Structures are given as C-alpha cells and as structure tokens.
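Q: Pasting a structure below so you can have a look.
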Amino acid sequence: MMRPARLAVGVVSAGRVGSVLGAALARAGHTVVAASGLSASSLARAERLLPDVPLLPPDETVRRADLVLLAIPDDALAGMVRGLVATGSLRPGQIVVHTSGAQGIDVLAPAAEAGALPLALHPVMTFTGREEDLERLAACSIGVTAVEDDEAAWNVGEALAVEMGAEPVRIPDSARALYHAALTHGANHLMTLVADCAEVLREAGIGQSERLVAPLLSAALDNVLRHGDRALTGPVARGDVGTVRKHLEVLADRAPDVAPAYRALAKRTAERSRAAGLLDTAAAKELTDLLDDPAEGHPDQ
C-alpha cells in the first residue's frame with residue numbers, strides 16, 4: 001500500500017468526526033490548511049484539535065485543499081456537494097472524502113464529474129470530539145468505499161485509513177445502506193438499551209447503577225462477540241416463562257416506556273435461542289405467545 005503524498009487538507013466541518021480525522025491526518029504528516037465551523041462547540045473543538053488552523057467558509061476551505069474532508073450530517077451532504085460544484089470550489093485532481101456511513105459514493109457524483117476522486121471513509125467508532133478519540137482510532141476500522149473498478153482509488157482510501165491509525169475494510173457501494181443499518185442497530189440502540197437499564201435500576205431505588213451493571217454488560221458483549229448465540233443466557237434463553245411474565249408486569253407498572261422494547265428484544269432473543277438450539281420449539285412458542293399478548297403485563301385487563 002503506497003503512502004499518499006503530503007496533502008493540504010480542508011475540513012468541512014469541525015464537528016466531532018471532522019476535527020478528530022483532521023487531527024489524525026495532521027499527525028500523519030498532512031497539513032490541515034483550513035476548516036469550517038460556526039457553532040461555539042466547533043470553534044472550541046477546532047482550537048483544541050486543530051490549533052492555528054484558520055476557520056473559513058466551506059467554499060474557501062475547499063479551494064485551499066488537495067484533500068477535502070466532508071464530515072457533515074447525512075442529509076446535508078448532497079446539497080453541500082452540489083453547492084461546492086456550483087461555486088467552482090472543486091477542481092480536477094482533488095480527493096473528496098465524505099464520512100457518512102449510510103451514503104456511498106453516488107452522492108459525490110457531481111464532484112467526480114468535476115474531476116475529483118470520490119471516496120467514502122466511515123470510521124466505525126463513536127466520537128466525543130476530544131483528544132482521546134485519536135487513540136480510539138487505533139482500535140477501530142474505517143469502512144472504505146470507492147468506484148468499483150478503480151483499484152487505485154481503493155488503495156488511496158485504504159492508505160488514508162491506515163495513516164489515520166485505523167484498519168481499512170472494503171465496503172461495496174451496494175452494501176453501504178445495510179452496513180450502516182447494522183452498525184446503527186448495534187451501537188446506537190445499545191446505548192439506548194444501557195441507558196434504559198440504568199434508569200430502571202434508579203427507579204427501583206438502586207444506587208450506583210452504572211457501576212453495578214458495567215461488569216455484567218462488558219462480559220455479555222465480550223461473550224457474544226466471541227461465541228455468538230451460544231452465549232445467550234437469561235430467562236428467555238432458558239424458557240422461564242413465569243419470570244418473563246413477572247418482568248412484563250413490573251415494567252408495565254414501573255417503567256411503561258421501557259416495556260415495549262423489552263417485549264421486542266425478548267421476542268427476538270427467543271427466536272435466536274430457538275435457532276441456536278438452546279430453546280425447544282414448544283418453549284419458544286409459549287414465550288412468543290406471551291410476548292405477543294397485549295394483555296400480559298397489564299393485570300387490570
């Protein structure tokens with residue numbers, strides 16, 4: 001894998017992802033020549049991670065750059081690319097990278113028509129926009145997408161990922177949406193699940209809930225990543241219908257906002273447990289019937 005030439009990097013914008021990737025590229029020897037950002041948080045973040053880098057409007061940032069890093073919300077990406085082309089900010093020979101997980105390279109088509117090299121580089125990591133994120137890059141992967149038959153472009157994307165300290169993984173353009181849905185389901189919904197867990201414990205009057213569950217949740221994550229469905233445990237995987245019924249009742253009474261998610265995940269757990277041979281068909285059906293019954297968990301019905 002060839003090391004890219006030293007590049008002038010323009011970051012649009014200095015959000016959590018853009019500022020961290022810009023700092024990672026600077027650490028690899030590239031020069032961040034400009035960044036865009038308007039909010040107070042973006043200004044503070046740029047001051048920490050991109051010191052002495054001028055903050056300019058997006059079009060001026062892009063004009064100064066060999067490598068354009070578009071780290072902006074998914075829904076704003078297409079309009080930004082069209083606007084940069086319309087203002088003549090892009091030029092042939094530039095590398096234009098976006099960091100969206102859901103988008104492939106089609107959204108960069110106007111830039112490609114203007115002569116730029118389009119790449120999608122999505123870091124598989126959640127960022128805070130602080131210095132520790134640079135170290136997290138060393139333990140994560142970056143999903144790389146380029147034009148299917150342009151091996152040189154794939155190599156450029158992979159080399160940039162390696163320079164930022166991450167492991168490149170090729171993601172075909174056709175798989176991009178499903179790839180991102182899977183990551184979102186795992187990471188974002190995990191955060192919601194853990195937050196719900198801690199909140200229900202606090203509702204039960206139990207202090208230090210995060211400290212209480214941290215070893216359990218860490219072990220569960222490690223087990224499933226190592227062993228898959230064989231690591232499933234708990235009342236659903238064991239077929240303990242009575243326990244699940246009690247859970248439904250107390251959640252309906254004390255945590256009604258959490259109860260629907262518990263039902264949905266318990267049903268999915270029953271399906272996976274049955275498919276893995278941990279739960280026999282009869283027990284799985286009994287659990288599914290319980291979880292599908294809207295009256296269960298509501299003693300007054």
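Q: In nm, what is the difference between 0.36 nm times the number of residues separating LEU212 and HIS189 and their Cα-Cα distance?
A: Taking 0.36 nm per residue and subtracting the Cα distance, the gain is 6.3 nm.
Q: Further question on the same structure: Taking the Cα centre of the chain as origin, work out the dipole magnitude from +1 charges on Lys and Arg Cβ and -1 charges on Asp and Glu Cβ, in debye rounded to 20.
A: 560 debye
Q: For the range 34-162, what class follows from the C-alpha gyration tensor (a ≥ b ≥ c being the square roots of its eigenvalues): rounded when a/c is under 1.5, otherwise prolate if a/b is larger than b/c, else oblate?
A: oblate
Q: If you work out volume of the Cα convex hull per residue in Å³ from the coordinates, which of [x] 166; [y] 115; [z] 188 do you get?
A: [x]
Q: Is any helix in the chain, taking whole DSSP H runs, at least 30 angstrom long along its axis by alpha carbon and on average at least 0.0 on the Kyte-Doolittle scale, and which ones?
A: 176-203
Q: Let me ask something else. How much length is gained on full extension from VAL241 to LEU221, taking 0.36 nm per residue of separation minus their Cα-Cα distance?
A: Extra length from VAL241 to LEU221 when fully extended: 4.8 nm.
Q: Give me the base-10 log of I(q)/I(0) for the range 175-234 at each q in 0.12, 0.14, 0.20 Å⁻¹, Debye formula, one uniform scatterer per Cα, rounded to two decimals.
A: -0.39, -0.51, -0.89
Q: Another one. Apply the a/c threshold of 1.5 to the C-alpha gyration tensor of the range 223-273 and tell me whether it is rounded, prolate or oblate.
A: Prolate.
Q: Something else: Give the Rg/Rh ratio for the range 1-105, taking Rg as the radius of gyration of the Cα atoms and Rh as the Kirkwood radius, to two decimals.
A: Radius of gyration relative to Kirkwood radius: 0.94.
Q: So, one more: Could you compute Rg(Cα) / (2.2 N^0.38 Å) for the range 137-201, with N its residue count?
A: 1.48
Q: Please state, to two decimals, what the Cα-based radius of gyration of the range 215-301 comes to when divided by 2.2 N^0.38 Å (N = residues).
A: For the range 215-301, the normalised Cα radius of gyration comes out at 1.12.
Q: What list of whole percents do you get for P(r) of the range 120-174, with Cα-Cα distances grouped in 10 Å bins up to the one holding the largest distance?
A: With 10 Å bins starting at 0, P(r) equals 27, 49, 20, 3.
We did not get these values from a lab; they are worked out from the coordinates using the rules stated. Predicted model, so just to flag it, every value in this text is computed and none were measured. So basically every Cβ, Gly included, is an ideal-geometry build from the backbone, and we count neighbours across all protein chains shown.
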